[in-house]
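Everything below concerns the one structure shown next.
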Ligand SMILES: Nc1ncnc2c1ncn2[C@@H]1O[C@H](COP(=O)(O)OP(=O)(O)OP(=O)(O)O)[C@@H](O)[C@H]1O
Ligand SMILES: [Mg+2]
């Protein structure tokens with residue numbers, strides 16, 4: 001039964017991609033198609049990265065409300081980026097090879113995420129405590145980010161300036177190949193870990209009884225989450241509630257938490273929402289930059305609903 | 001054989017277990033009894049390497065629990081915790097199937113499915129197999145967790161108060177099932193029980209703990225005497241003999 005729903009989701013995702021590529025095609029068709037294909041590739045990566053990172057993060061922390069971005073991971077990424085500008089100077093930063101730059105940024109995020117989050121994940125914390133810690137960490141990184149931004153001079157700031165809102169319309173295409181590699185790698189690793197993730201969702205004690213080395217496994221998964229967050233944040237900027245929305249939808253639709261089904265379902269839904277939504281806004285509503293606002297709005301409301309319903313359960 | 005030597009445990013400065021030396025022979029049912037806070041769960045979690053050993057050593061069939069790779073150990077010993085939390089949106093059959101994880105890393109063969117079905121039958125869960133865990137009653141949930149532990153198929157099975165939430169019928173059924181797998185399949189069952197009459201009826205051996213120490217170790221007939229029980233639980237109770245086994249009238 002979940003398989004049939006997965007197939008339906010797959011069909012919907014492909015339909016959205018085709019619509020995205022072909023709707024309102026005119027002018028220099030080859031040129032426009034190439035542009036759209038590049039953008040489509042970026043959107044696919046963002047969707048897949050966010051789906052993977054959110055599912056894994058929720059499984060590891062054992063709740064369905066927290067996402068990497070609510071825990072401030074994307075803020076952490078931006079902070080790492082700003083730190084590089086601060087240390088290297090604007091010129092130094094810009095003249096870095098983009099691949100090298102992105103590579104260093106991913107590694108920085110992985111290192112920071114592990115030092116900060118791992119102590120919290122060794123034992124599962126109570127949901128309220130996690131949420132509080134996440135909010136505090138998020139605020140902390142955002143303030144550190146703007147502190148650094150104030151310390152460096154305005155010209156250099158322009159280099160690192162990153163929108164505080166995601167913009168699915170202006171994705172970065174210079175990182176395309178590298179980001180594709182990272183996303184594909186993350187997707188393969190996540191898929192191979194699908195059975196382990198099922199066991200991890202039982203919590204540290206049950207997982208240890210079943211032969212999982214908890215700390216090692218959680219560290220690996222956290223690295224995977226960090227890599228995925230780095231990709232999506234680098235490409236479009238921070239997205240607070242998109243992951244939450246996608247995974248909650250996926251869970252409703254496939255009605256299971258088994259990762260062999262949930263992971264692909266979440267990725268497909270992310271693609272449908274992103275690519276389909278972008279097509280819709282671009283051609284039907286004529287305002288392509290509003291998608292992120294709408295997604296965040298709906299996602300934010302869902303977040304509140306889950307919080308309220310969750311606390312009543 | 002589980003061999004526990006010089007094991008002590010402290011949380012920060014509070015000592016929990018004091019120099020435990022205990023050998024649990026292979027095969028049979030051993031009941032661990034003792035008042036709340038005696039350290040029974042702590043001892044089991046050390047045996048099942050849920051927390052690191054601070055001092056001393058524990059070996060299971062010669063495998064050191066702190067030196068043997070975790071996946072290896074998961075094929076030898078299974079633990080059901082006293083307070084297991086269960087992930088949501090999980091069907092009973094899926095949960096029980098997770099018990100097979102140590103053997104196939106998540107891929108279920110036909111043999112695995114047979115074992116899962118057998119565990120489901122043993123705990124009378126066949127009708128619930130496709131229900132979500134959160135839609136079950138407390139006792140049904142507990143039975144599903146026991147089924148998962150049994151499905152792991154280990155030689156050593158540690159159960160921390162598995163009779164919690166079970167009605168009389170299922171408590172008796174579970175004890176009989178444990179007795180059967182000990183007798184017929186040569187499994188070693190270590191079970192924490194608060195109902196000492198269940199311990200008396202089904203266990204070969206009683207280990208009594210109090211204040212982080214082992215204060216009694218012997219057959220039910222040797223431990224379940226008014227004097228020994230008073231030493232453990234702090235009040236006097238009448239003990240009768242029924243069908244050749246001690247029957248403790250602890251509620252009177
Ligand atoms: N995480 C912890 N931190 C501090 N003290 C703890 C912790 N876990 C258990 N203890 C203490 O260790 C002692 C032994 O606890 P344990 O859970 O092993 O008892 P138990 O014999 O299983 O009791 P019960 O019959 O109530 O399950 C208790 O005094 C308890 O307060
Ligand atoms: Mg206990």
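Every number in this text was worked out from the coordinates using simple rules, so none of it is lab data. Here the structure is a predicted model, which is why all the values come from computation and not from measurement. No Cβ is skipped: glycine too gets one built from the backbone with ideal geometry, and neighbour counts run over all protein chains shown.
For the pair segment A:184-256 and segment A:4-60, the centres of their Cα atoms are 21 angstrom apart.
By the helix-only formula, in which each DSSP H run with n ≥ 4 contributes -39500 (n - 2.57) and the sum is divided by residues, chain B has a 222 nm mean residue ellipticity of -9500 deg cm²/dmol.
Nearest-5 percent of antiparallel DSSP beta bridges in the protein assembly as shown? That works out to approximately 55 percent antiparallel.
Protection proxy ranking of B:35-43, A:113-121, by the mean of other Cβ atoms within 10 Å over each peptide's residues and highest first, is B:35-43, A:113-121. What the Cβ-Cβ distance of residue B:21 and residue A:188 gives, at R0 = 41 Å and to the nearest 0.05, is a FRET efficiency of 0.25.
Percentage of Cα-Cα pair distances in chain A greater than 27 Å, rounded to whole percent? Of the Cα pairs, 42 percent sit more than 27 Å apart. Note on residue B:172 and residue A:216: their simple-model spin labels are 4.7 nm apart, each label 7 Å out from Cα toward Cβ. Here the contact order of segment B:1-128, divided by its residue count and restricted to Cα pairs under 8 Å and six or more residues apart, works out to 20 percent. With a 10 Å cut-off around each Cβ of A:68-80, the average count of Cβ atoms from other chains is 0.
Annotation: peptides A:192-201, A:9-18, ranked by per-residue average of other Cβ atoms within 10 Å with the highest first, follow the order A:192-201, A:9-18.
Inter-chain Cβ neighbour count for B:88-101, averaged per residue, equals 4 (cutoff 10 Å, partner chain atoms only). How large is log10 of I(q)/I(0) for the protein assembly as shown at q = 0.13 Å⁻¹ when the intensity is taken from the Debye formula with one equal scatterer per alpha-carbon? Values returned for q = 0.13 Å⁻¹ are -1.24.
Normalising the average separation of contacting C-alpha pairs (under 8 angstrom, six or more residues apart) by the number of residues puts the relative contact order of chain B at 24 percent.
When the helices of chain A are scored as -39500 (n - 2.57) per DSSP H run of n ≥ 4 and the total is divided over every residue, the value at 222 nm lands at -25500 deg cm²/dmol. Mean partner shielding of peptide A:210-219, defined as the number of other chain Cβ atoms within 10 Å of each residue Cβ, is 4. Summary of packing: across the peptides A:247-253, B:104-110, A:265-271, the per-residue average of other C-beta atoms within 10 Å ranks them, highest first, as A:265-271, A:247-253, B:104-110.
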